[in-house]
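Please read the structure below before turning to the comments.
The values are calculated or read from the model by the stated rules, or taken from the named source; none is laboratory data. Here the structure is a predicted model, which means the values were calculated and not measured. Reconstructed Cβ throughout: ideal geometry from the backbone, glycine too, with neighbour counts over all protein chains shown.
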Amino acid sequence: MTAASPPEVLRAPLVVEFPFTRSLGPVQSAFLTGLRERTVLGVRTGDGKVLVPPVEYDPVTAEEIRDLVEVAPTGTVTTWAWNPSPRRDQPLKTPFAWVLVKLDGADTAILHALDAPGPESVHTGLRVRIRWAGDRTGAITDIACFEPYEGKTGEAAGPHEGRFADMVTGIIAPARLDYTYSPGRAQTRYINALSERKTVGERCPSCHKVYVPPRGACPTCGVATTDQVEVGPAGTVTTYCIVNIKARNLDIEVPYVYGHIALDGADLALHGRIGGIPYDQVRMGLRVEPVWTEGGRYPDHYRPTGEPDADYDAYKELI
Amino acid sequence: MSKEPVAVVGIGQTHHVAARHDVSIAGLVREAAQRALADAQLTWADIDAVVIGKAPDFFEGLMMPELYLADALGAVGKPMLRVHTAGSVGGSTALVASNLISSRVHSTVLTLAFEKQSESNAMWGLSLPVPFQQPLLAGAGGFFAPHIRAYMRRTGAPDTVGSLVAYKDRRNALKNPYAHLHEKDITLEKVQASPMLWDPVRYSETCPSSDGACAMILTDRAGAARSPHPPAWVHGGAMRSEPTMFAGKDFVSPQAGKDCAADVYRQAGITDPRREIDTVEMYVPFSWYEPMWLENLGFAEEGEGWKLTESGVTELTGDLPVNASGGVLSTNPIGASGMIRFAEAALQVRGQAGEHQVDGARKALGHAYGGGAQFFSMWLVGADEPAS
């Protein structure tokens with residue numbers, strides 16, 4: 001005889017993505033506009049070093065630096081690492097080398113990709129040049145990648161005004177985080193019970209409070225909640241607000257009522273939408289029950305039960 | 001061994017606005033830091049360490065911005081720390097800097113906080129579409145509005161109190177050149193006629209979205225002696241936290257806030273805050289939080305905070321001016337907002353608040369909170385060196 005295996009913990013992908021904007025300031029603006037014009041700019045520091053990519057403030061003296069210089073599109077690999085399996089949005093679709101390249105005329109190296117047939121063809125000291133992108137917008141991707149180059153060494157750094165027609169002053173910097181989300185064992189139990197239209201909380205063995213939704217532990221006592229307790233289905237609106245702003249990616253018409261609902265038997269309120277009643281007639285103490293939709297994982301909203309309102313003293317500790 | 005006394009000798013802010021497209025984040029923080037150095041008549045070389053704070057990275061989508069800001073803040077070759085406690089971060093950042101001095105780890109520390117909201121997504125950056133959960137999202141206002149309704153029910157406060165706070169803070173902002181909102185034609189009627197966003201919270205009772213940074217130079221007793229302007233002395237500082245939600249949590253007046261204030265008052269020897277403290281810079285992102293925090297911080301009995309607001313006690317001309325600077329309701333670069341409270345409290349006791357100076361301010365409280373009303377940070381600053 002074997003013990004029953006515990007129910008599987010739920011898992012699902014969670015992608016968080018925003019197209020953030022970034023103001024460049026004078027130095028990055030010159031650098032990225034320069035790339036659009038096939039011109040690589042660095043900045044000269046107080047001690048005469050040329051930094052590529054350029055920075056706004058001297059790393060040694062902390063002074064503002066604006067002394068831009070043009071460097072060559074050719075350079076030398078100072079170190080590298082082979083990338084055998086490029087990922088989404090990386091510079092090249094085929095295997096490539098990540099390289100640090102010191103451009104001719106620069107004192108620091110820039111990170112980019114090197115298009116090379118295999119790791120055996122890459123070495124520190126390899127001479128390379130920029131392969132420009134065909135469609136350039138004023139972004140680091142205007143350098144498509146680096147490629148091996150046998151020609152002569154580029155010119156030393158020369159002064160540059162950093163001014164171009166139609167300067168790029170801002171960029172869009174998408175950020176994307178790819179997670180696998182799991183709600184954990186306690187919430188999996190809760191979510192699975194919801195699919196049977198039951199709300200099951202968990203009681204703290206120490207303070208005896210019933211948590212809905214459960215988190216697996218009592219945040220006050222710091223001990224595991226083990227005792228499962230079915231609560232509701234009805235509850236009391238402890239407080240609420242009327243939302244007049246439409247939420248991003250949310251298909252709910254405004255105005256709607258965002259309520260805190262203490263289900264009967266629960267020791268703290270959960271949040272839900274109150275429907276089945278004009279929004280301006282919702283009140284604290286209103287008795288409500290869940291409304292389920294076919295196949296829904298949770299109640300779509302809560303509606304009045306028709307019972308008399310709860311007395312304030314009966315729920316004021318749950319607000 | 002007793003603690004080293006801590007003095008604020010330099011304060012710098014940017015002119016807070018909706019969008020600073022002319023500067024990078026580095027350029028923005030640089031402005032505030034240079035103004036603080038100029039105020040203290042110090043140079044980058046005088047700074048021993050840098051303590052920086054901002055709200056969550058995903059607001060701007062810039063991961064660990066402190067690393068790239070080291071050049072702009074003269075931190076190369078020096079210790080640099082990042083603090084993160086949600087909306088209270090500006091306050092806790094200053095306290096970490098203060099602790100480095102009181103513990104004699106460093107003599108002079110630059111502390112700075114910022115947010116560039118025009119390049120961020122503060123409304124939805126933290127409201128993630130979590131799988132298996134009901135997608136019922138209402139933004140920050142939707143989170144706090146129900147607690148405001150609970151306060152109104154609990155205290156019987158008339159529903160006009162929130163508009164009085166907003167009207168006061170927006171008028172105070174007119175006297176503060178660094179404030180974001182300068183609504184020259186503001187009237188109480190306009191506040192009360194503004195659209196309901198998250199009933200009971202109206203548009204004019206909510207904070208704006210700002211780009212801005214705030215910096216302070218903190219130093220020890222020897223540094224204070226060299227200060228060209230009168231310093232503000234730190235008489236007490238504390239942080240407290242509690243879970244976002246737990247059975248028995250009082251969202252209207254969180255226990256962590258009460259405990260934090262009590263700790264600060266104990267350190268500062270304050271027994272009657274209402275009488276002994278001259279002015280308060282408190283974190284009020286939605287107008288009703290003024291009466292709520294007046295109670296939470298011990299300036300009024302429970303249920304009585306709104307009476308101070310309604311009777312004009314918290315006006316610039318009242319006997320406990322609250323948010324003489326215009327507060328978060330007039331300026332909100334989120335990560336910096338807490339530090340601006342701390343810095344404005346210090347400006348008041350230094351007598352350098354300009355047009356929004358509270359006459360004779362000798363002791364001022366700076367207050368910040370964040371998360372789901374779960375992180376608190378506060379300091380009390382005075383014109384006189386604290387008795388050791």
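Pairs only if they're at least six apart or on different chains, beta carbon under 8 angstrom, first in the range B:263-287 and modelled with pLDDT of 95 or more, second surrounded by fewer than 22 Cβ atoms within 10 Å (Cβ to Cβ) and acidic (Asp, Glu); list them, first residue then second.
Once the first residue is modelled with pLDDT of 95 or more and sits in the range B:263-287, its partners that are surrounded by fewer than 22 Cβ atoms within 10 Å (Cβ to Cβ) and acidic (Asp, Glu) give B:ILE270/B:GLU276.
Run B:VAL328 past the list (1) buried (at least 22 other Cβ atoms within 10 Å of the Cβ); (2) under 21 Å from B:VAL191 (Cα atoms); (3) touching an Asp or Glu at 6+ places or on another chain (Cβ under 8 Å) and report the number of the one that doesn't hold.
Evaluating B:VAL328 over (1) buried (at least 22 other Cβ atoms within 10 Å of the Cβ); (2) under 21 Å from B:VAL191 (Cα atoms); (3) touching an Asp or Glu at 6+ places or on another chain (Cβ under 8 Å) leaves (3) as the failure.
Given the criteria of a type in the set (Ser, Thr, Tyr) and within 10 Å of another protein chain (Cβ to nearest Cβ), does B:SER118 qualify? Steps first, answer last, please.
On the way: of a type in the set (Ser, Thr, Tyr): yes; within 10 Å of another protein chain (Cβ to nearest Cβ): yes.
When the stated conditions are applied, B:SER118 passes them.
Quick check on my filter: what residues within the range A:229-244 are surrounded by fewer than 17 Cβ atoms within 10 Å (Cβ to Cβ) and facing chain B (nearest Cβ under 9 Å)?
Selection gives nothing.
What number of residues within the range B:225-254 are more than 14 Å from every other protein chain (Cβ to nearest Cβ) and of a type in the set (Ser, Thr, Tyr)? Can you show your working first?
Our first condition is that a residue be more than 14 Å from every other protein chain (Cβ to nearest Cβ); within the range B:225-254, this holds for B:225-240.
Adding the requirement that they be of a type in the set (Ser, Thr, Tyr) leaves B:227.
So the count comes out to 1.
Do we have B:ARG202 as within 25 Å of B:GLY338 (Cα to Cα), touching a strand residue (DSSP E or B) at 6+ places or on another chain (Cβ under 7 Å), at the interface with another protein chain (Cβ under 8 Å from one of its Cβ atoms) and touching a residue at least 12 places away in the same chain (Cβ under 8 Å) here? Let's see the steps before the verdict.
On the way: within 25 Å of B:GLY338 (Cα to Cα): yes; touching a strand residue (DSSP E or B) at 6+ places or on another chain (Cβ under 7 Å): yes; at the interface with another protein chain (Cβ under 8 Å from one of its Cβ atoms): no; touching a residue at least 12 places away in the same chain (Cβ under 8 Å): yes.
Considered against the rule, which asks whether it is within 25 Å of B:GLY338 (Cα to Cα), touching a strand residue (DSSP E or B) at 6+ places or on another chain (Cβ under 7 Å), at the interface with another protein chain (Cβ under 8 Å from one of its Cβ atoms) and touching a residue at least 12 places away in the same chain (Cβ under 8 Å), B:ARG202 comes out as no.
Restrict the check to the range B:244-260 and report whether at least one residue is in contact with a helix residue (DSSP H, G or I) (Cβ under 7 Å, 6 or more places away or on another chain), within 19 Å of B:SER330 (Cβ to Cβ), in contact (Cβ under 8 Å) with a residue 24 or more places away in the chain and of a type outside the set (Lys, Arg).
Within the range B:244-260, none of the residues are in contact with a helix residue (DSSP H, G or I) (Cβ under 7 Å, 6 or more places away or on another chain), within 19 Å of B:SER330 (Cβ to Cβ), in contact (Cβ under 8 Å) with a residue 24 or more places away in the chain and of a type outside the set (Lys, Arg).
Quickly run through the range B:294-318 and pick out the residues that are surrounded by fewer than 24 Cβ atoms within 10 Å (Cβ to Cβ) and either touching a residue at least 40 places away in the same chain (Cβ under 8 Å) or on the phi > 0 side of the Ramachandran plot (or both). Outline the logic, then answer.
Residues of the range B:294-318 that are surrounded by fewer than 24 Cβ atoms within 10 Å (Cβ to Cβ), as a first pass: B:295, B:298, B:300-304, B:307-308, B:310-313, B:315-318.
If the condition is that a residue be surrounded by fewer than 24 Cβ atoms within 10 Å (Cβ to Cβ) and either touching a residue at least 40 places away in the same chain (Cβ under 8 Å) or on the phi > 0 side of the Ramachandran plot (or both), then B:GLU295, B:GLY298, B:GLU302, B:GLY303, B:GLU304, B:GLU310, B:GLY312, B:GLU315, B:LEU316 are the ones that fit.
Among the residues of the range B:373-388, is there at least one that is within 17 Å of the chain's Cα centre (by Cα) and part of a helix (DSSP H, G or I)?
no
Can you pull out the residues in the range A:258-269 that are part of a strand (DSSP E or B), free of Cβ contacts under 8 Å to residues at least 60 places away in the same chain and more than 9 Å from chain B (Cβ to nearest Cβ)?
Residues of the range A:258-269 part of a strand (DSSP E or B): A:258-263.
Narrowing the set further to residues that are free of Cβ contacts under 8 Å to residues at least 60 places away in the same chain leaves A:258-262.
Correct list: A:ILE261, A:ALA262.
Taking only the range A:157-190 into account, find how many residues are surrounded by 12 or more Cβ atoms within 10 Å (Cβ to Cβ) and assigned to a loop (DSSP other than H, G, I, E, B).
Kept after step one, since they are surrounded by 12 or more Cβ atoms within 10 Å (Cβ to Cβ), are these residues of the range A:157-190: A:157, A:160, A:162, A:164, A:167-171, A:173, A:175-177, A:179, A:181-190.
Among the residues that remain, those that are also assigned to a loop (DSSP other than H, G, I, E, B) are: A:157, A:160, A:162, A:164, A:167-169, A:182-183.
Adding up the residues that qualify gives 9.
Mind checking which residues of the range A:281-310 are modelled with pLDDT of 95 or more and within 12 Å of another protein chain (Cβ to nearest Cβ)?
Hits for the range A:281-310 are A:VAL282, A:ARG283, A:MET284, A:GLY285, A:PRO290, A:TYR302.
Return yes when A:THR226 is among the β-branched types (Val, Ile, Thr), touching a residue at least 24 places away in the same chain (Cβ under 8 Å) and surrounded by fewer than 18 Cβ atoms within 10 Å (Cβ to Cβ) and no when it is not.
Values: among the β-branched types (Val, Ile, Thr): yes; touching a residue at least 24 places away in the same chain (Cβ under 8 Å): yes; surrounded by fewer than 18 Cβ atoms within 10 Å (Cβ to Cβ): yes.
Criteria met by A:THR226.
Examine the range A:277-291 for a residue that is of a type in the set (Gly, Ala, Ser) and at negative phi, and state whether such a residue exists.
Taking the range A:277-291 first, the residues of a type in the set (Gly, Ala, Ser) are A:285.
With the extra rule that they be at negative phi, the set shrinks to none.
The answer is no; no qualifying residue exists.
Among the numbered conditions (1) under 23 Å from A:SER23 (Cβ atoms); (2) out of contact with any His (no Cβ under 8 Å at 6 or more places or on another chain), tell me where B:GLY87 comes up short.
(1)
If I ask for residues that are touching a Ser or Thr at 6+ places or on another chain (Cβ under 9 Å), more than 7 Å from chain B (Cβ to nearest Cβ) and part of a loop (DSSP other than H, G, I, E, B), which ones from the range A:11-41 would you list?
A:ARG11, A:THR39
I'd like the residue in the range B:162-186 that is surrounded by fewer than 21 Cβ atoms within 10 Å (Cβ to Cβ) and over 16 Å from B:HIS356 (Cα atoms) and, out of all such residues, is nearest to the other protein chains (Cβ to nearest Cβ).
Selected residue: B:ILE186.
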